1. Can you go through Thr183, Thr204, Thr229 and tell me which one is open to solvent by 40 Å² or more (accessible area, probe 1.4 Å), farther than 23 Å from Leu111 by Cβ and of a type in the set (Val, Ile, Thr)?
2. Within region 45-73, can you find the residues that are out of contact with any Lys or Arg (no Cβ under 9 Å at 6 or more places or on another chain), in a helix (DSSP H, G or I), of a type outside the set (A, V, I, L, M) and open to solvent by 20 Å² or more (accessible area, probe 1.4 Å)?
3. Condition first: farther than 22 Å from Tyr21 by Cβ and open to solvent by less than 30 Å² (accessible area, probe 1.4 Å). Now tell me which residues in region 103-132 satisfy that.
4. Which members of region 74-96 meet the condition of being in a helix (DSSP H, G or I) and more than 21 Å from Met182 (Cα to Cα)?
5. Could you identify the single residue in Val55, Val97, Val125, Val131 that is over 19 Å from Leu156 (Cα atoms), modelled with pLDDT of 85 or more, more than 17 Å from the chain's Cα centre (by Cα) and among the hydrophobic types (A, V, I, L, M, F, W, C)?
6. Considering only residues that are surrounded by fewer than 20 Cβ atoms within 10 Å (Cβ to Cβ) and touching a Lys or Arg at 6+ places or on another chain (Cβ under 9 Å), look in region 133-180 and name the one that is farthest from Leu81 (Cα to Cα).
7. Ala268 versus (1) of a type outside the set (Val, Ile, Thr); (2) open to solvent by less than 20 Å² (accessible area, probe 1.4 Å); (3) over 24 Å from Leu135 (Cβ atoms): which is the lone unmet condition?
Amino acid sequence: MSHTMAAPGAGAAGQAPPAAYRRAGAALAAEWIKLRSLRSMLLTPLLGAVASIAVADLAVRNNAAGWSHLDAVQKAQFDPLGINFNFVTLGILLFGVLGALVATNEYGSGLIRMTLAATPQRGLVLAAKAVLAGLATFALAVVITFTAFFTGQAILSGAHAPHVSLGDHNVLGHLFGTVYYMTAAGLIGLFTGVLVRSAAAAVTSMFGLLLVLPVLADKITPDTVTRHTVPYLPLNLGDEMLHHHPGLSPGVAVAGLAAWVLVLAAAAAFSLRGRDA
């Protein structure tokens with residue numbers, strides 16, 4: 001009588017567990033199905049993109065219309081790229097909220113229990129969400145940023161006001177910096193959503209972190225603590241990276257935003273593993 005021995009790590013049916021890449025592929029496919037099946041995840045980015053581009057074009061049009069009435073000093077200070085990108089504050093808030101909704105939707109519907117039952121590796125679930133959210137926000141940020149740039153500069157050119165092109169100094173760096181900034185905001189929103197598990201709390205957190213906290217911090221009398229903390233808030237890091245004010249270098253600003261994402265990712269992973277669904 002012969003006996004067949006299962007290989008170490010084999011399942012109950014004598015089959016080896018799926019390879020890591022297959023588990024990762026399955027997790028990504030499941031997250032993609034959930035993401036594209038949500039109407040809010042289709043409508044919100046579309047409406048947000050239209051609103052961001054419209055705000056950018058409106059600001060450019062208003063400035064272009066007043067170009068001929070500016071005095072010599074104002075004309076010398078005219079910044080066609082800065083005027084074109086006044087929508088960024090709205091954009092990062094949109095991306096932060098989108099990232100938060102990706103994470104909190106499952107908690108609101110209770111679907112997270114099924115997700116974690118199907119894929120017990122919670123770190124893998126979080127990584128799949130982060131990869132998809134990062135790719136989706138990156139693609140959306142590219143569309144918004146470059147569309148706003150081309151339409152805005154066309155408006156300035158048509159009004160015979162100063163304008164720039166992709167080949168001009170630092171223009172591409174500014175555009176890709178904007179894409180990076182908005183993508184980072186989306187991931188910050190995602191990991192914050194995993195931490196707080198509530199759509200309302202996550203959206204409120206995004207408003208507070210990206211808009212309210214920097215404004216309040218600017219009202220505080222500068223001291224040793226604020227000088228070493230306030231510049232590292234996401235909004236201030238993004239502003240330093242795009243406009244190169246005296247202070248932090250663009251490289252430090254890029255690293256600072258990455259640090260926000262990584263620290264929140266670690267906190268979200270720890271929270272997801274340590275708490276019940």
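1. Checking each option against the conditions leaves just Thr229.
2. Pro45, Asp57, Arg61, Asn62, Asn63, Ser68, His69
3. Result: Ala103, Thr104, Glu106, Gly110, Ile112.
4. Listed by number, the residues that qualify are Gln74, Lys75, Ala76.
5. Only one candidate qualifies: Val125.
6. Filtering region 133-180 for residues that are surrounded by fewer than 20 Cβ atoms within 10 Å (Cβ to Cβ) and touching a Lys or Arg at 6+ places or on another chain (Cβ under 9 Å), the one farthest from Leu81 (Cα to Cα) comes out as Ala159.
7. (3)
Conditions (1) closer than 27 Å to Gly274 by Cβ; (2) β-branched (Val, Ile, Thr), marked per residue:
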site: Ala130; (1), (2): yes, no
site: Ala133; (1), (2): yes, no
site: Thr137; (1), (2): yes, yes
site: Thr145; (1), (2): no, yes
site: Phe149; (1), (2): no, no
site: Gly173; (1), (2): no, no
site: Tyr180; (1), (2): no, no
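The values are calculated or read from the model by the stated rules, or taken from the named source; none is laboratory data. Being a predicted model, the structure only gives us computed values, none of them experimental. We place every Cβ from the backbone using ideal geometry, glycine too, and count neighbours over all the protein chains shown. For accessibility, only protein heavy atoms count, side chains too; no ligands or nucleic acids. Shrake-Rupley method; radii C 1.70, N 1.55, O 1.52, S 1.80 Å.
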